[in-house]
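Throughout, read-outs are computed from the coordinates displayed, never taken from laboratory work. Just so it is clear, the structure is predicted and the values come from calculations on it, not from any experiment. All Cβ positions, glycine included, derive from the backbone under ideal geometry; neighbour counts span all protein chains shown.
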Amino acid sequence: MATLDKERGERLVKIRKSLGENQVEFGTRFGKTGPAICNYEKGRLPEDEILKKLCEMGFSLDWLLTGEGQMYQGVDTSGQPDEHFTAFLNRFEDGVTVIQDGAHKFFNKALKRIMGYTNEDMLDKTYDTHAFPAEKERIRQIYQGYTMGGELPEQGTFAIRCKDGTIKDLRAFFTSIQYGAKPAILAVVRDGSQQRGAKGDIDTFNLRQTSEERKLARVLTTLLKELIREE
């Protein structure tokens, strides 16, 4: 069963009431019924297309999802992420990175926190720089397959060496995007919250992810595909 967030639901109610609409009227904006909106207002995480639409309408996703900032942020017509959206990315608990031409071109604060690296350590470094040695060939095969026209896996678990020398299992969700008018890979990265020993026993580790976590990762992926641009 999906986790309910009552406070998030209450914030969605405030958005609806600011528009002077009942649940049925509000639902028609997104192709949803009144009962569906009722469920969201009880705390169920809205679908990614609903969140994207709310962002386009000028409501702050940062405020809706975390309670930080103001409800209404105004519409950014420049096509570039504004400071509110950037703040949202940097409050996201999971890492976000864009890989293009074999190197990291964008990453958020969470990914640096998860791995312990700085901008200098990661920006423009190759995608396998921090991979555990036993994992590098597998990662390269995935990336090379993609560059030769193959499909990206929807997700994967990888052993990564952090800056302090510990090994973590990270679960990444992949999608193809256009970044700076060129093909790239967007990865939403979750920390497995379990560290390996120095030898990295990669056969016994298993990550489980809830449906709510999968949806939230998909939400961010959808929004980034529409809103992230290379400055």
Worksheet item: If packing is taken as the mean number of other Cβ atoms within 10 Å per residue, what is the order of 54-62, 114-122, 14-22, highest first?
Response: 54-62, 114-122, 14-22
Practice prompt. State the Kirkwood hydrodynamic radius of the stretch 130-192 in Å, one decimal place, computed from all pairs of distinct Cα atoms.
Written response: 12.6 Å
Worksheet, complete the sentence: Going through 125/163; 52/109; 53/168 one by one, the pairs whose alpha carbons sit over 24 Å apart turn out to be 53/168
Worksheet item: If you stretched the chain out fully between residue 126 and residue 25, how much longer would it get, using 0.36 nm times the residue separation minus the C-alpha to C-alpha distance?
Response: 31.5 nm
Worksheet item: Which percent of Cα-Cα pairs in the stretch 32-75 sits in each 10 Å bin, short to long?
Response: 28, 54, 18
